[in-house]
Every structure is written in C-alpha cells, then in structure tokens.
Amino acid sequence: MAEYLASIFGTEKDKVNCSFYFKIGACRHGDRCSRLHNKPIFSQTVVLLNIYRNPQNCSQSADGLRCAVSDVEMQEHYDEFFEEVFTEMEEKYGEVEEMNVCDNLGDHLVGNVYVKFRREEDAEKAVIDLNNRWFNGQPIYAELSPVTDFREACCRQYEMGECTRGGFCNFMHLKPISRELRRELYGRRRKKHRSRSRSRERRSRERRSRSRDRGRGGGGGGRERDRGRSRDRVRSGRF
Ligand SMILES: [Zn+2]
Ligand SMILES: [Zn+2]
C-alpha cells in the first residue's frame, strides 16, 4: 500500500496531494484547493510571484486602449528584465542553474519567475532576503518551490506553438530569452571554468575577501564585477 501511495504521489490519481502544485508549483485554486499543497522545506528553486510584467499585456487596461508595444520592444524589455534578475540572483545569493519566466495570464502563474540555484542553501538565503525587498515599486513575494524539473511543468503544446488554451493554460508557458542573452548568461559559466587558471593571479589577491563565498561557484573575474557595478546604477530604481 505504501508503495502504491508513493507511486501515485503528486499525480492526478493522488486524492490527497495536489498534482498541479506538485508539478508546477502553483495551482489555480490557491489556498482554497481541496488537495494539499506541500510547501517544501528545502528546495533549489525559489519562485518570485507575479514579478514580470509583460508590457504587451497592458492592452487590458481600463480604457480598453491597445498598447503599442512591438514584439521587438517587448523582447528587449524582457531580455533586460531577465538579465537584471539573473545577475542580481547570482551576485547576491549564488550560482543559478536555470531561471524561467511564465508568460501565462492566469493569476497564479502570471509573471512568475522561477530561479533554480545550484545549492539549496542559496535558495533558502534568497527567499528570506527577497521577502524584505522591492522590485519596481512593489514588494517581492518569494517562496521555495517544489519545481526542479521544468520539463514536467511545461506545456508541450506551447513549445510547439500550438497550445489552444492560450495564456490561461495551467501548465507553464516559459517565455524564451533571445539567443544572444542565453549565450551570455549560460555560456559565460563554461568559459569561467575554462579560464580559471588564467585568472588565478587576480583571485589570489582577493582570496581573503572571497573565501567566505567559496563553493558558490562565483569565480568571476574583474570584468564581470565591473559590469555588475555599472548595472547597479541602472538598476537602482527597480530592485
Ligand atoms: Zn491545488
Ligand atoms: Zn499551454
């Protein structure tokens, strides 16, 4: 029996635990759901709820005016947002394995940002700190999320461009970033490991201050730090 229960845990057959919360980390019934939402005590993943605002969605504004944001502008705006959050998470809390943003329109998924850290400790630290912070003039709501396998949480039809449920689909519609940004954010890491020996000189000078951070995987050289600094100025109004 125990084996059977384990095999159906978090699936649709499970009458106790909510399969949507288990797989997607969010369910449209929220706190009123008749099944359990087992909030994890440890997880690599942090969700920042409803934090991304797609400028193209403002067409639903009170006066009913369509907003004139082109696809190109929307993508630029999105890439900027993504890079800002990704960089901030790595600088403040630790190495990010992957980050995903929902383009769904349902209240429980709209603008959700899922940050999967390499280490659970960093995720824990991030949740505590983020709940005391603001973004774009709004308080941030962050919590640990049970989602670690985004393949399971994603809507496959959306990826094929054929989801008929549109923005109100209950599976994640993950908004893609531009190829250039993907290369910059995720490719950088591979480069960082390769160039480790070259930057050893500089790193030894910094060892004293960095030893605290060991294991966070933040072996970035001076260039990256400078970039971060210049971005701080731009960012100051948002985070
Ligand atoms: Zn539920
Ligand atoms: Zn879908």
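Tabulated data
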item: Rounded percent of accessible protein surface that carbon and sulfur make up, segment 1-136, 1.4 Å probe; result: 53
item: Under Karplus coefficients 6.51, -1.76 and 1.60, residue-wise ³J(HN,Hα) of segment 89-102 in Hz, glycine/proline x; result: 5, 5, 5, 8, 10, x, 4, 9, 7, 7, 9, 9, 10, 7
item: Heavy-atom accessible area per residue - segment 1-151, 1.4 Å, Å²; result: 54
item: Unsatisfied cross-links (Cα-Cα over 30 Å) in the set LYS15/LYS92; LYS15/LYS175; LYS23/LYS175; result: LYS15/LYS92; LYS15/LYS175
item: Simple spin-label estimate for THR148 and ARG133 in nanometres, 7 Å along Cα-Cβ; result: 2.4
item: Residues with amide H under 5 Å from that of ASN17, placed H, sequence gap 5 or more; result: GLY10, LEU36
item: With 5 Å bins from 0: P(r) over segment 69-196, alpha-carbon pairs, percent; result: 2, 9, 17, 22, 22, 16, 9, 3, 1, 0
item: Net charge over other residues, Cβ less than 14 angstrom from the Cβ of GLN138 (K, R count +1; D, E count -1); result: +3
item: Backbone N under 19 Å from the HIS29 label point (7 Å along Cα→Cβ), restricted to segment 94-109; result: 106-109
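The values are calculated or read from the model by the stated rules, or taken from the named source; none is laboratory data. None of the values given here were measured: they were computed from a predicted structure. No Cβ is skipped: glycine too gets one built from the backbone with ideal geometry, and neighbour counts run over all protein chains shown. Heavy atoms of the whole protein, side chains included, go into the accessibility calculation; ligands, DNA and RNA do not. Shrake-Rupley method; radii C 1.70, N 1.55, O 1.52, S 1.80 Å.
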